[in-house]
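Worksheet: one structure, shown below.
Each value in this text was obtained by applying a stated rule to the coordinates, not by laboratory testing. Fair warning: this is a prediction, and the values are worked out from it, not measured in the lab. Positions of Cβ are generated from backbone atoms using ideal geometry, with glycine treated the same way; all protein chains shown enter the neighbour counts.
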Amino acid sequence: MSTPQTDLAIWNIESVDPDKALQIRAMREQVQTDPETFWLEQAKRLDWAKFPTVGNRSTFEDDVSIRWYEDGKLNVSVNCLDRHLKERGDQTALIWQGNDPGVSRQLTFRELHAEVCRVANALKSLGVKRGDRVAIHLPMTVEVVACMLACARIGAVHVVLFGGFSPEGIGERLIDSGAVAVITCDAAKRGAKTIAHKSVIDAALKHSGSIGSVKNVIVVNVSDTSAPMTPGRDHSYAELVSGQSDACEPEIMNAEDVFFLLYTSGSTGKPKAIVHTTGGYLLWAAYTVDVTFPAERGTTHWCTADVAWITGHTFVVYGPLANGTTTLLFEGLMGWPQAGRWWDIIDRFNVSSFFTAPTAIRALMRDGDDLPRQYSLASLRRLGSAGEPISPDAWLWYYEVIGQKKCPVIDMWWQTETAGPMLSAIAGAQQLKPGWATTGIPGIFPSLTNDKGEIIENREAEGCLCFDESWPGQTRSIWGDHKRFRETYFTFSKGRYFSGDGARRDADGNLMITGRMDDVINVSGHRIGTAEIEDAVATDHSVAEAAAVGINHDLKGQGIVVFVVARSTRTLPSEAHLSKVISERVGRYATPERVYLVSELPKTRSGKIVRRLLRKIASNETDNLGDLSSLADTSIVPTLITLVQKQL
Ligand code: WT7
């Protein structure tokens, strides 16, 4: 593949529609001059039990308080289901394609509404109330969507947990969130494998002793395997739900009531639950999907993200359904039972909006161009990418081979904390630039600062990506730790939200993300804190200390490398064993590429591990190691370099 230049020829790929450009410009102008009116007008996208009279009441100063539409009242499930019943009750809301190519299911808005009500009533029958936390640990099934919306119906706070988390990881999150119930399944189907779920929950509950708060476990039968049930605590989903009424009065929530918690990684070992609230989140999901990634009526929106990530919450479930769009959920893997599975699904279900992550695009590129060319892909209208930087190479391949040069590739930058896209080109209204997330969407005001948090006025610059104003989908806090929230995001640059990412800005004001600036590694679009890995490996009694760094990886974007110092030179742990400790404690997705046993770690005189240096050594970029003057002892550097080079 030739190396693309990001020159003007490629820049102009997307033709601009003057009407659309005008409309978006008008939105930008209004939100600049009269944000309150703009945001109250946007609130009309939702059905409110009480329409809000106030828009933004946030401040990034002092203790930091983010509040939107605070006197509004609404219910999320009503917005995703009930309000569509009259006009499009018989339209498909959810297409579920099973792991097995022969198995799929479609539910209309009416059918999904009925299932959601039954699950909501089932939860109520177990005593789950408004404000209670309910953990959901399910694969990509109809039930995961029904359970999320059922929590929304009764005002319970869902906490969706990724299937790849270890029992320890789950236990920790159950304790932190104080979940009263867990919804899981026997086992998940992933290609030819079945992956245990119920036994992971059993182990998590035993391990954490969190049985204190978790009173009930609901088990969906996904794989027809028998899961041991604890009488009194465990219930079969089918038995519990099938007898329930398909009507359930929605709980009317305040706009600022907590809607869900979602765990993500930060730069300390303790996972943090990002708090999103009802009105602002749902408005942001509805707004961003419609503005950046609309689907034509009668066509299908497909975002391949797992529902356990923010992308799944916003781009699989809430955004499309709030807009009355058919959303597709795929249980299986892209390459099973054979390569080309995704392309088959696009053709079969008339997918018009297709959204995935660069890590998947890179893997698909490896299958070659001939494979996708065997499919029509004619229904596609737009392609999305998010989760990590997309290289111009991958962008162009996606554009040419999948989009057949007729679909814009929309690179969107967002985070768990932002709830939805923040930087994204608006197709039709502005030009695209491969590898660049381009500009803030209407209502978003990005800025760059230097590493002291001072604003950079120059157009062409590189710096730290911040946002000057709040937006409705902004996270309100870290669950139970508002101090950590304030310190993580609002102390770096006074009066701004700091994203943790670096970015470059061109002369036209477009932004390109350069990657995380903190101790967070992005493996295949999964955020993992270096401290999480280091804490995990340090639980092994043979380990004295450890340092984890991210290195470039062709497929995953970044891979993990860990340097470990053993407690004693007499009993050295094996590298394979330490790798297993990490994958067991954090999750399979955190399995390191390499573990090196070293005699000591490079440290500053004040005792801080110099990860920047380790990253360079692990990447074999030893030509320019940077300033080593802060190191307490430089003699260790050549030893580390030799060790790494020996194993490359
Ligand atoms: C981090 C957030 C789509 C949101 C799901 C991930 C990186 C996200 C892009 C992009 C370059 C990106 C950032 C960000 N990221 N989108 N389009 N280009 N980098 O949510 O797990 O909270 O991760 O993902 O580094 O901070 P998340």
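Working note: 222 nm ellipticity from helices only, DSSP H runs with n ≥ 4, each -39,500 (n - 2.57), summed and divided by the residues of the chain, gives -8000 deg cm²/dmol to the nearest 500. A DSSP coil position with no more than 13 other Cβ atoms inside 10 Å describes the following GluC sites (Glu not before Pro) in region 391-472: 454, 457, 460.
Taking Cα centroids, how far is region 244-268 from region 285-302 in Å? Region 244-268 and region 285-302 have Cα centres spaced 22 Å from each other.
Cα extents for region 308-441 along the principal axes, largest to smallest and rounded to whole angstrom: 37, 29, 23. Return the percentage of antiparallel bridges among DSSP beta bridges fully within the chain, rounded to the nearest 5 %. The antiparallel proportion sits near 60 percent. Summary value for the chain: 13 percent relative contact order, contacts being C-alpha pairs under 8 angstrom separated by 6+ residues. Please state the shape class of region 42-187: rounded when a/c is under 1.5, otherwise prolate if a/b exceeds b/c and oblate if not, all from the C-alpha gyration tensor. The shape class here is oblate. Averaging 1/r across all pairs of distinct Cα atoms in region 86-170 and inverting the result yields a Kirkwood radius of 14.1 Å. For the chain, 80, 147, 151, 185, 303, 407, 464, 466 stand unpaired, since no other cysteine beta carbon lies under 4.7 Å from theirs.
What you get for the chain, charging only the Cβ of Lys and Arg (+1) and of Asp and Glu (-1), is a dipole of about 900 debye around the Cα centre. Is the shape of the chain rounded, prolate or oblate, going by the alpha carbon gyration tensor and its root eigenvalues a ≥ b ≥ c, with a/c under 1.5 for rounded and a/b larger than b/c for prolate? Rounded, since a/c falls under 1.5. Rounded, prolate or oblate: pick one for region 138-213, where a ≥ b ≥ c are the square roots of the eigenvalues of its C-alpha gyration tensor, a/c under 1.5 means rounded, and failing that, prolate if a/b is larger than b/c, else oblate. It comes out oblate by the Cα gyration axes. Between the alpha-carbon centers of region 439-503 and region 309-371, tell me the distance in whole angstrom. The distance from the Cα centre of region 439-503 to that of region 309-371 comes to 31 Å. The Kirkwood radius of region 558-648, taken over pairs of alpha-carbon atoms, gives through the Stokes-Einstein law at 4 °C and 1.567 mPa s a diffusion coefficient of 92 µm² s⁻¹. Short-range pairs are left out: with C-alpha atoms under 8 Å and at least six residues apart, the relative contact order of region 124-262 is 28 percent. What whole-number distance in Å separates the alpha-carbon centres of region 215-236 and region 505-528? Here the answer is 41 Å between Cα centres. The GluC sites (Glu not before Pro) of region 525-632 that meet both conditions, a loop assignment by DSSP and at most 13 other Cβ atoms within 10 Å of the site Cβ, are 621.
Against the empirical 2.2 N^0.38 Å (N residues), region 231-331 has a Cα radius of gyration ratio of 1.31. Restricting attention to region 59-206, close to 60% of DSSP beta bridges with both partner residues there are antiparallel. Where both bridge residues fall in region 536-648, DSSP classifies roughly 70% of the beta bridges as antiparallel.
In debye, nearest 20, what is the charge dipole magnitude of region 497-617 about its Cα centre with +1 on Lys and Arg Cβ and -1 on Asp and Glu Cβ, if you could check? Rounded to the nearest 20 debye, it is 300 debye.
The relative contact order of region 484-578, computed from alpha carbon pairs under 8 Å that lie at least 6 residues apart in sequence, is 18 percent. In plain terms, if you count all Cα to Cα distances in region 464-518 and split them into 5 Å steps from zero, the share in each step is 4, 18, 22, 25, 18, 7, 3, 1, 0 percent.
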